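Read-outs throughout are calculated quantities, based only on the coordinates presented, and are distinct from any laboratory measurement. Remember, predicted model here, so these are calculated numbers, not experimental data. Cβ atoms come from the backbone with ideal geometry, glycine included; neighbour counts cover every protein chain shown.
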Amino acid sequence: MAKKRLVVLGSTGSIGRQTLDIIKTFPDKFELIGLAAGNNVHLLESQIEEFQPKSVYCIEPSHSIIKNKNIQLMSMEQMVSQPNVDIVMVATSGNIGLIPTIKALEKSITVCIANKEVIIMAGELIKTISRKSGALLLPVDSEPSAIWQCMQGESQPIRRIILTASGGPFYNIDPGELDDVTPKQALQHPTWNMGKRITVDSSTLMNKGFEVIEAHILFDVGFENIEVMIHPQSLIHSMIELTDGSIKAQISPPDMRLPIQHALFYPEKVANPMLRPFDTHVATNMELKPLDKSRYPCFTLAVSAGIQGGTYPTVLTAADEVAVDLFLNHRISFTDIPRLVDSVLFDHKFSKADSLENIQAADRWARLKALALAGDTQ
Ligand SMILES: NC(=O)c1ccc[n+]([C@@H]2O[C@H](COP(=O)([O-])OP(=O)(O)OC[C@H]3O[C@@H](n4cnc5c(N)ncnc54)[C@H](OP(=O)(O)O)[C@@H]3O)[C@@H](O)[C@H]2O)c1
C-alpha cells in the first residue's frame, strides 16, 4: 500500500514529538512531507535532518533552514493545501491551528486534531466544513479519543459520557493555599507530561471544562449528559453509557502515543512494541470519585460558556490563554486566572460562531480585553 503523506503542525511540541515517534516506528506507512514549528528552530533543524520533509514553516527560520535547497519554506495554510497531502496532524496550541485546520478540511484532507482550542473556538464551523467536504476530523486528545474508540462498533446513540480527570497537582491542597501556587508547581502534572498551557489548564481543571465542550461538539451529546469523575491514576481515559445502561471504558497507561497512533492509522489497529500494555496489577488501585466543582471555578466557567454557546467558548479559550501566559510570567496569581476569565466572559456580548470572521473578532476582542483588565497592554 502507498505510504500516507503526512504534515505535522507543531512538530516541536509534546504531541508533535510523540507523533514523530510513531512515524519513526512505521517508516513504511508514512511519508512526512511537511513540518511546522514556532520558535524551537534548533529542534526543527534536527527534525528536518532526520525526516527530510519537502516543506517547512517556523516563525523565524535560521540561516541553515533558509539555505537548505531541499526544502521549501511556506505558511502552514500553504503546506496543508498542497495537492499531495493525505493527513494533517494539528498539534499546535492555542488559536494558531484554526486556519490551517479549516484549509485542510476544505480540501477534503483527513485532519487529526490535538489542538483542542480549535474545536472549542470553532467546533460547529469546522464540523460543517468537514461534513460538506467529506473530510475526516479525528480526535487525538485522550478523552475524546477514548469516547471515539468506545463508540466504534456501536450503532445506538450514546446516553451519557463520563469523562475522567486526574484532579491535577492541587487535588489534595487546601483551596485557601492556591493563591500562593507558583508556575513551577502548576507545571508539575501528576500523570501526564505535556506543553505548558495544557499543564496549567489541567491544574485549574479548565482543561476538563474544555473537554466537556469538545465532547459535546464532537459527539452531539447534551451538556446535561456529560459527567466528570476524578480518577487520579489516569488509566480510564473516558467512558460511554449505552442505551441499555451498559458502560464501555477505554483503559490504557497514560501515553499520548496511543491516541495519536489510533488517529493516524484509523480505521486500522496496529501493534506497537513502544506502547506499554496495561498492567493488571495496578487495576486494584483504580479509583473513581465525584468531582467537587466548588474547588475548580475554571471548570464551572468553561461548562457555562459551552452552554451559552456562540462565541462564548472562543472568548473562554482566548481569555484563558492570556491569563495562563500572565500567570506563567508571574504577572497574576494562580487564583487570578478564573477571576480574569470570568470578567472577560461577563463583558462579552453573544454573537454566532458561524463564520470565521465572527470567531476571529471574538478571539481578538477577548485577548485585548483580558490584557486591559489585567492592566497589561503589551
Ligand atoms: N501534550 C499533551 O499530552 C496533550 C494532550 C491532549 C491534548 N493536547 C492539545 O494538543 C495541543 C498541543 O499541545 P502540546 O502539549 O503539544 O503543546 P506544546 O508542547 O506547547 O506544543 C505546541 C506546538 O505549537 C507550536 N507553535 C506555537 N506557536 C506557534 C506559531 N505561532 N506558529 C507555529 N507553531 C507554533 C510550538 O512550536 P515551538 O515549540 O517551536 O515554539 C509547538 O511545536 C494543545 O491544543 C493541547 O491542548 C495536548
Inset, instruction - Would you calculate the separation in nanometres between label points at Arg159 and Asn39, each defined as 7 Å from the Cα along the Cα-to-beta-carbon direction? - result: 5.0
Legend entry - Among the listed pairs Lys4/Lys67; Lys116/Lys289; Lys349/Lys369; Lys116/Lys208; Lys24/Lys269, those beyond 19 Å (Cα-Cα): Lys4/Lys67; Lys116/Lys289
Inset, instruction - When a/c is below 1.5 the answer is rounded, else prolate if a/b is larger than b/c, else oblate, so apply that to region 59-122 with a ≥ b ≥ c taken from the square roots of the Cα gyration tensor eigenvalues. - result: oblate
Legend entry - Peptides 264-270, 79-85, 107-113, 362-368 ordered by average Cβ neighbours within 10 Å, highest first: 107-113, 362-368, 79-85, 264-270
Inset, instruction - Determine the equivalent ellipsoid of region 193-298 by diagonalising the alpha-carbon gyration tensor, then write out the semi-axes as square roots of 5 times the eigenvalues, largest first, rounded to whole Å. - result: 23, 18, 17
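At a Förster distance of 56 Å, what's the computed FRET efficiency of His330 paired with Ala2, Cβ-Cβ distance as r, to 0.05? Mind dumping the intermediate values first?
Numbers: r = 51 Å, r/R0 = 0.91.
Once the sixth-power term is evaluated, E becomes 0.65.
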Inset, instruction - With a point put 7 Å past each Cα toward its Cβ, work out how far Trp192 is from Asp347 in nm, to one decimal. - result: 3.1
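Taking the mean number of other Cβ atoms within 10 Å as a proxy for protection, how do you rank 171-177, 193-199, 117-123, 1-7 from highest to lowest? Walk me through the numbers on the way to the answer.
Numbers: 171-177: 10.9, 193-199: 18.1, 117-123: 26.4, 1-7: 16.6.
Descending packing order for the listed peptides: 117-123, 193-199, 1-7, 171-177.
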Inset, instruction - Taking the Cβ of Glu31 as the centre, find all other residues whose Cβ is under 13 Å away and add up their charges (Lys, Arg: +1; Asp, Glu: -1). - result: +4
Inset, instruction - Hey, for a label at Glu287 modelled as a point 7 Å past Cα toward Cβ, could you say which residues of region 185-201 have their backbone N under 16 Å away? - result: 190-191
Inset, instruction - With a bin width of 10 angstrom, please list the P(r) values of the chain as percents of all Cα-Cα pairs, from the 0 bin to the one holding the largest distance. - result: 5, 24, 34, 27, 10, 1, 0
Legend entry - Estimated FRET transfer efficiency when R0 is 45 angstrom, pair Ser46-Ser355 (beta carbons, to 0.05): 0.65
Inset, instruction - Using the structure shown, select from Lys69/Lys196; Lys103/Lys293; Lys132/Lys352 the pairs with a Cα to Cα distance greater than 31 angstrom. - result: Lys69/Lys196; Lys103/Lys293
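When you have a sec, figure out the Kirkwood radius of region 4-139 from all distinct Cα pair distances and drop it here in Å to one decimal? Don't jump to the answer; show the numbers that get you there.
Details: mean 1/r = 0.0681 Å⁻¹.
Answer for region 4-139: a Kirkwood hydrodynamic radius of 14.7 Å.
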Inset, instruction - Can you tell me the FRET efficiency between Ala372 and Asp86 if r is taken as the Cβ-Cβ distance and R0 is 45 Å, rounded to the nearest 0.05? - result: 0.55
Inset, instruction - Just add up the charged neighbours of Gly245: K/R +1, D/E -1, any other residue whose Cβ is under 14 Å from the Cβ of Gly245. - result: 0
